[in-house]
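Student: So that we are looking at the same thing, I have put the structure below in structure tokens.
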Amino acid sequence: MEAYKETGALRLDAQIELIRHLLSALVLRLSHLYVRERGAGDTGEAFRAFHTAVERDYAESRTVADYASALGCSSLTLTRACIAATGVTAKRYLNERTVLEAIRLLCHTELPASAVGQRLGFPRPTAFSKFFKHHTGETPSDYRVRASGRG
């Protein structure tokens, strides 16, 4: 905009050239907005399919590539769709869903942490504990004690 305001100080041919370039930049920006808005339906559909698959299968797989393959798209497509819908990557979305379920099970059941991990598809209790601590900063047992108010 500043460039447009200062056109009066230029020669007429320079003014015309500057306005032509500014107009080209405006058209380019508008076309990108149009493409992004038009494509939002596609990313929205991809995200909805991913969300549905995650809700169904988060205990079966924690790799975006598995979901992408099952949905017939690329991992990059899922990641872009997820970022557009939620602001986080597909991997982070998947991990956050797994952590949410772990927290739910730790707070609302008496299952031992090893059984929670098993229910979430972790092959070993240590794998679950490492995953949980990485994402929450606490071990599952410490989290349960703190959340219950006993600690």
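Student: Quick test of your reading of the structure: Cys73 fulfils all but one of (1) in contact with a Leu (Cβ under 9 Å, 6 or more places away or on another chain); (2) under 24 Å from Thr52 (Cα atoms); (3) not in a helix (DSSP H, G or I). Name the failing condition by number.
Tutor: If we test Cys73 against (1) in contact with a Leu (Cβ under 9 Å, 6 or more places away or on another chain); (2) under 24 Å from Thr52 (Cα atoms); (3) not in a helix (DSSP H, G or I), just (1) comes out false.
Student: Looking only at residues that are touching a residue at least 60 places away in the same chain (Cβ under 8 Å) and in a loop (DSSP other than H, G, I, E, B) in region 98-148, which one is surrounded by the fewest Cβ atoms within 10 Å (Cβ to Cβ)?
Tutor: Step one: list which residues in region 98-148 are touching a residue at least 60 places away in the same chain (Cβ under 8 Å), which gives 119-121.
Okay, now just the ones that are also in a loop (DSSP other than H, G, I, E, B), so 120-121.
On the way: Leu120: 20, Gly121: 15.
If we take residues in region 98-148 being touching a residue at least 60 places away in the same chain (Cβ under 8 Å) and in a loop (DSSP other than H, G, I, E, B), then Gly121 is surrounded by the fewest Cβ atoms within 10 Å (Cβ to Cβ).
Student: What are the pairs, 6+ residues apart or on separate chains, where a residue within region 55-79 that is under 11 Å from Gly121 (Cβ atoms) has its Cβ under 6 Å from a residue that is not in a loop (DSSP other than H, G, I, E, B)?
Tutor: Tyr58/Arg97; Tyr58/Thr98; Arg62/Leu94
Student: Restricting attention to region 86-97, does a residue exist that is assigned to a helix (DSSP H, G or I) and over 14 Å from the mean Cα position of the chain (by Cα)?
Tutor: no
Where a number appears in this text, it was derived from the coordinates with a stated rule and is not lab data. This is a predicted model, so every value here is computed, not measured. All Cβ positions, even for glycine, are placed from backbone atoms using ideal geometry, and neighbour counts span all protein chains on display.
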